[in-house]
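The values are calculated or read from the model by the stated rules, or taken from the named source; none is laboratory data. Computed from a predicted model, the values in this text were never measured in an experiment. For neighbour counting, all protein chains shown are included, and Cβ atoms are generated from backbone atoms with ideal geometry for every residue, glycine included. For accessibility, only protein heavy atoms count, side chains too; no ligands or nucleic acids. Shrake-Rupley method; radii C 1.70, N 1.55, O 1.52, S 1.80 Å.
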Amino acid sequence: MRKILSLLAIIFVMAGSIRFFEPAFVEDSILNYLQYLSVLVAVTLSLPHMIKPPFGFNFPVYLLLIAVIFSIFMAVIFWDQGIKDSLLATFEYFIIFFYFFLVSSTISLQTLERIIIGFGIVYILLYAFQFVSGSTIYFGKSLWGDEFIESRGVVRIIFPAGGILYLSTFLAFTKSLTAKGLKKWLWILFSMFGILAPILQVTRQFIAGVILILILHIIISLSPVKKTFLALMFLLAGLLILNTDLPLVKGLQEQTTDDLGQGKDYIRVQAGKYFLTEFSPNTTTGIFGNGVAYSGVSNYGSFVDMLQYTQEYFLSDLGIITVYVQFGVLAILSFIVIWILSITVPLDANYYYLKYYLWLLLITSLTWYSVYHHHYLFCNVLVLAMYQRASKNFKEEKINGKLVLDETK
């Protein structure tokens with residue numbers, strides 16, 4: 001019974017943290033309350049499991065939590081944002097606490113994988129429904145008003161809960177390399193959708209990141225001759241695609257050419273420079289962060305909103321810079337440690353998708369909100385917890401295997 005309750009809690013917290021894929025036909029206030037409730041459940045379940053040795057991913061998660069908590073006081077003290085407003089603005093980041101519950105949970109890694117795939121299938125079905133529905137918004141929000149519009153050669157739908165898409169895609173692709181028969185083809189089919197989705201959403205860094213990581217995964221185990229052949233095939237395919245007249249390809253090329261042509265005048269470069277050098281009012285906030293602004297409510301939130309409307313300086317466009325601006329140096333150090341561990345900490349090959357997800361966060365961290373937004377935050381926490389458990393299991397299996405070999409000598 002206890003396991004069933006834990007399983008239901010994980011599913012609810014996961015669904016609540018992504019705001020149930022943000023259905024447009026449900027009031028925002030209801031989704032807000034459900035999200036707050038899911039975070040409250042996460043924190044309540046996690047508090048008894050908070051004391052962990054500072055090894056592996058426990059250490060950077062502790063750093064990140066400390067940074068988030070400190071930032072609340074920075075907003076109160078230096079931006080005159082009330083403690084209530086600061087807590088409400090920061091509350092969604094308390095989902096990080098759930099790491100400690102997931103690490104301590106008796107729910108198996110295989111069951112967590114089934115949850116990921118289950119949410120991935122829901123994502124596919126809802127995205128497909130939204131895509132065929134055209135410009136009418138049923139899930140998520142448009143970046144350009146009350147409907148999805150054509151951009152870069154396609155009706156561009158940035159569908160909610162991108163973390164689920166990419167995590168389930170990497171999981172499916174990893175499984176496809178060892179599965180056999182019908183299961184193998186089902187995993188491959190799932191993986192293909194994970195590649196198609198960022199192409200249809202015309203998100204350049206995700207297209208490049210997903211394809212690059214999947215190619216890397218394939219060629220690692222190949223012979224030099226096969227690696228060379230595969231590299232040439234991908235190069236040829238890329239050249240053919242770039243020379244087609246598809247509106248989507250032309251839109252990507254035009255947008256990229258325009259961005260590169262602006263150089264230092266590119267709005268993201270200007271925004272990044274401003275937030276790094278001018279935004280923080282003093283050295284203290286430069287170290288510990290400024291906290292999360294409560295948009296449309298506090299004076300601090302109104303100031304950040306004003307920067308968007310008058311200067312087009314959007315924090316959401318700046319990825320890891322936003323993490324620094326809000327949570328300071330400790331948060332940046334936390335991510336650096338996470339990415340180092342993702343390279344150095346060994347895993348069984350069946351769990352390589354955890355590495356790949358973290359690497360995708362690194363690739364997209366400069367220009368997207370994947371490192372901190374609620375669309376990704378739960379999956380980020382889940383991946384760290386699963387990685388911690390999987391690496392511990394891998395280490396124990398190697399030790400046990402060595403002991404067995406020693407005993408047979």
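Quick check, is T106 polar (S, T, N, Q), in a loop (DSSP other than H, G, I, E, B), open to solvent by 30 Å² or more (accessible area, probe 1.4 Å) and in contact with a Ser or Thr (Cβ under 8 Å, 6 or more places away or on another chain)? Quick ask: steps written out before the conclusion?
Working: polar (S, T, N, Q): yes; in a loop (DSSP other than H, G, I, E, B): yes; open to solvent by 30 Å² or more (accessible area, probe 1.4 Å): yes; in contact with a Ser or Thr (Cβ under 8 Å, 6 or more places away or on another chain): yes.
For T106, the condition - polar (S, T, N, Q), in a loop (DSSP other than H, G, I, E, B), open to solvent by 30 Å² or more (accessible area, probe 1.4 Å) and in contact with a Ser or Thr (Cβ under 8 Å, 6 or more places away or on another chain) - is met.
Scan the range 90-101 and tell me whether some residue there is β-branched (V, I, T), over 17 Å from G289 (Cβ atoms), assigned to a helix (DSSP H, G or I) and in contact (Cβ under 8 Å) with a residue 60 or more places away in the chain.
First, pick out the residues of the range 90-101 that are β-branched (V, I, T): 90, 95-96.
Right, trim to over 17 Å from G289 (Cβ atoms) and you get 95.
With assigned to a helix (DSSP H, G or I) added as a condition, the list becomes 95.
After this cut, where a residue has to be in contact (Cβ under 8 Å) with a residue 60 or more places away in the chain as well, the list is 95.
Yes: the range 90-101 contains one or more residues that are β-branched (V, I, T), over 17 Å from G289 (Cβ atoms), assigned to a helix (DSSP H, G or I) and in contact (Cβ under 8 Å) with a residue 60 or more places away in the chain.
Open to solvent by less than 40 Å² (accessible area, probe 1.4 Å) and either part of a loop (DSSP other than H, G, I, E, B) or in contact (Cβ under 8 Å) with a residue 60 or more places away in the chain (or both) - does that describe any residue in the range 36-47?
No: zero hits.
Tell me the helices (runs of 4 or more DSSP H) entirely within the range 308-409 that contain at least 1 residues that are among the basic types (K, R).
The helices (runs of 4 or more DSSP H) meeting that bar are 352-364, 374-408.
Pick from the range 160-175 the residues that are hydrophobic (A, V, I, L, M, F, W, C) and in contact with an Asp or Glu (Cβ under 9 Å, 6 or more places away or on another chain): which of them is farthest from G134 (Cα to Cα)?
So the first thing to find is which residues in the range 160-175 are hydrophobic (A, V, I, L, M, F, W, C), and the list is 161, 164-165, 167, 170-173.
Of the ones still in play, those that are also in contact with an Asp or Glu (Cβ under 9 Å, 6 or more places away or on another chain) are 161, 171.
Values: A161: 19, L171: 29 Å.
Looking at the filtered set, the residue picked out is L171.
So, in the range 9-35, exactly how many residues are loosely packed, with under 15 Cβ neighbours inside 10 Å, of a type in the set (D, E) and not in a helix (DSSP H, G or I)?
1
Which one of these does T136 not meet: (1) outside any loop (DSSP other than H, G, I, E, B); (2) more than 22 Å from V383 (Cα to Cα); (3) open to solvent by 60 Å² or more (accessible area, probe 1.4 Å)?
(1) is the only condition that T136 fails.
Does the range 281-296 contain at least one residue that is among the aliphatic types (A, V, I, L, M) and not in a loop (DSSP other than H, G, I, E, B)?
Taking the range 281-296 as the starting set, the residues that turn out to be among the aliphatic types (A, V, I, L, M) are 287, 292-293.
After this cut, where a residue has to be not in a loop (DSSP other than H, G, I, E, B) as well, the list is 287.
Scanning the range 281-296, I find at least one residue that is among the aliphatic types (A, V, I, L, M) and not in a loop (DSSP other than H, G, I, E, B), so the answer is yes.
Consider Y309 carefully, then state whether it is out of contact with any Lys or Arg (no Cβ under 6 Å at 6 or more places or on another chain), modelled with pLDDT of 95 or more and of a type in the set (F, W, Y).
Spelling it out, it is not the case that Y309 is out of contact with any Lys or Arg (no Cβ under 6 Å at 6 or more places or on another chain), modelled with pLDDT of 95 or more and of a type in the set (F, W, Y).
Give the range 185-231 a look and list any residue that's at pLDDT 80 or above and more than 17 Å from G163 (Cβ to Cβ), or say none.
Scanning the range 185-231 gives W185, L186, W187, I188, L189, M192, L196, L212.
Looking at the range 20-34, I want the residues that are more than 14 Å from H375 (Cβ to Cβ) and have a partner that is open to solvent by 60 Å² or more (accessible area, probe 1.4 Å) and assigned to a helix (DSSP H, G or I) with Cβ atoms under 8 Å, at least 6 apart or on another chain. Which pairs are those?
As it stands, the answer is V26/F20; L34/F20, since those pairs meet every condition given.
If you take the residues in the range 1-44 that are out of contact with any helix residue (DSSP H, G or I) (no Cβ under 8 Å at 6 or more places or on another chain) and of a type in the set (F, W, Y), which one is nearest to L112 (Cα to Cα)?
Among those residues, the one meeting the criterion is Y33.
Look through I77, I158 and report the one residue that is more than 22 Å from Y352 (Cα to Cα) and not in a helix (DSSP H, G or I).
Exactly one of I77, I158 is more than 22 Å from Y352 (Cα to Cα) and not in a helix (DSSP H, G or I), namely I158.
Counting only residues that are open to solvent by less than 90 Å² (accessible area, probe 1.4 Å) and modelled with pLDDT of 90 or more, how many does the range 373-409 have?
21
If you go through the range 110-125, how many residues are more than 18 Å from the chain's Cα centre (by Cα), open to solvent by less than 50 Å² (accessible area, probe 1.4 Å) and modelled with pLDDT under 95?
Selection size over the range 110-125: 0.
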